[in-house]
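The structure appears below as structure tokens.
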Amino acid sequence: MADIEWTLRWEADLSADDHTALATLFSRYFPRDHATFTGTRSWMGARPEARVIGYDGDRPVAHIGFVRRMLRLESGRSQLVGDVGLVGVDPGYQGEGLGRRLLAEAASALDSQALPFGFLTCAPDLVPFYSAGGWRQVVGLTTRMIDTRMQPETFIGPAMVLPVRASFADWPTGQTIIRDGLEV
């Protein structure tokens, strides 16, 4: 495995060159969305507040972004989470365990921010990957949000929760989560 240096980077501390390097990385592991990641645009929906980045030398090869966010439940209760997105490893580095390490580094970063949970939505085929990193699927959950075209979206695919400073048993019950804002 390559000697990867892991770091938590805050959005305001990233330079235009950093954003360009991240946009290049994202276009490699999100090839269907490569047109989104041009120039210095290193985000898809909501711009991350912070990013966990794995570097091989000065080249980013793994990334997770997150935003501290209050999710609303249909019951009226709110839950603070680290809303996670833009998760991936450069295709040239896949199969070396970097994805598992990325999830562990992200859990540590969420913990350093005193967040009780991580939250993300994903494709069904990614559930085993996240589960192996300690994430738990909330079965039957619907997530309402704003999609990248700025339209309301109702997502019925997998919603995953990472117990960070709280137990999974503390996750609020309910069938609908309202993510007020764009997905990370």
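The values are calculated or read from the model by the stated rules, or taken from the named source; none is laboratory data. Owing to the predicted nature of the structure, the values given are computational and were not obtained by experimental measurement. Neighbour counts run over all protein chains shown; Cβ positions are idealised from the backbone, glycine included. Just the protein is used for accessible areas: all its heavy atoms, side chains included, with ligands, DNA and RNA removed. Shrake-Rupley method; radii C 1.70, N 1.55, O 1.52, S 1.80 Å.
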- Given the conditions (1) hydrophobic (A, V, I, L, M, F, W, C); (2) more than 18 Å from GLU74 (Cα to Cα); (3) open to solvent by less than 30 Å² (accessible area, probe 1.4 Å); (4) not in a loop (DSSP other than H, G, I, E, B), and given that PHE119 satisfies all but one, which numbered condition is not satisfied? (2)
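I'd like to know if segment 41-55 contains one or more residues that are part of a loop (DSSP other than H, G, I, E, B), among the hydroxyl-bearing types (Ser, Thr, Tyr) and under 16 Å from the mean Cα position of the chain (by Cα). Break it down stepwise before answering.
Keep residues of segment 41-55 that are part of a loop (DSSP other than H, G, I, E, B), which gives 41-49.
If we keep only those that are among the hydroxyl-bearing types (Ser, Thr, Tyr) as well, we get 42.
From what is left, the residues that are under 16 Å from the mean Cα position of the chain (by Cα) are 42.
Yes; the residues of segment 41-55 include at least one that is part of a loop (DSSP other than H, G, I, E, B), among the hydroxyl-bearing types (Ser, Thr, Tyr) and under 16 Å from the mean Cα position of the chain (by Cα).
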- Note on the structure: Taking segment 56-79 and the residues there that are assigned to a strand (DSSP E or B) and out of contact with any strand residue (DSSP E or B) (no Cβ under 7 Å at 6 or more places or on another chain), the one that is farthest from PHE26 (Cα to Cα) would be ASP56
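Suppose the filter is among the small types (Gly, Ala, Ser), in contact with a strand residue (DSSP E or B) (Cβ under 8 Å, 6 or more places away or on another chain) and farther than 30 Å from THR142 by Cβ; does ALA21 pass it? Let's see the steps before the verdict.
Numbers: among the small types (Gly, Ala, Ser): yes; in contact with a strand residue (DSSP E or B) (Cβ under 8 Å, 6 or more places away or on another chain): yes; farther than 30 Å from THR142 by Cβ: yes.
It is true that ALA21 is among the small types (Gly, Ala, Ser), in contact with a strand residue (DSSP E or B) (Cβ under 8 Å, 6 or more places away or on another chain) and farther than 30 Å from THR142 by Cβ.
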- Task: Answer yes if at least one residue in segment 80-90 is over 20 Å from ARG47 (Cβ atoms), open to solvent by 20 Å² or more (accessible area, probe 1.4 Å) and not in a strand (DSSP E or B), and no otherwise.
- Result: no
- Task: Would you check which residues across segment 124-172 are touching a residue at least 40 places away in the same chain (Cβ under 8 Å), over 18 Å from the mean Cα position of the chain (by Cα) and open to solvent by 80 Å² or more (accessible area, probe 1.4 Å) and list them?
- Result: ASP170
- Message: Scan segment 30-52 and tell me whether some residue there is open to solvent by 20 Å² or more (accessible area, probe 1.4 Å) and at pLDDT 95 or above.
- Response: yes
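Might you check whether a residue that is touching a helix residue (DSSP H, G or I) at 6+ places or on another chain (Cβ under 8 Å), surrounded by 13 or more Cβ atoms within 10 Å (Cβ to Cβ) and in contact (Cβ under 8 Å) with a residue 12 or more places away in the chain occurs anywhere in segment 15-26?
Going through segment 15-26, the residues touching a helix residue (DSSP H, G or I) at 6+ places or on another chain (Cβ under 8 Å) turn out to be 26.
Within this subset, residues satisfying the condition of being surrounded by 13 or more Cβ atoms within 10 Å (Cβ to Cβ) are 26.
So of that shortlist, the ones also in contact (Cβ under 8 Å) with a residue 12 or more places away in the chain come out as 26.
Among the residues of segment 15-26, at least one is touching a helix residue (DSSP H, G or I) at 6+ places or on another chain (Cβ under 8 Å), surrounded by 13 or more Cβ atoms within 10 Å (Cβ to Cβ) and in contact (Cβ under 8 Å) with a residue 12 or more places away in the chain, which makes the answer yes.
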- Flagged pairs (Cβ under 6 angstrom, 6 or more apart or on separate chains; first in segment 68-84, over 12 Å from GLN113 (Cα atoms) and of a type outside the set (Gly, Ala, Ser); second open to solvent by less than 10 Å² (accessible area, probe 1.4 Å) and not in a strand (DSSP E or B)) are LEU73/PRO172; ARG77/PRO172; GLN79/PRO172
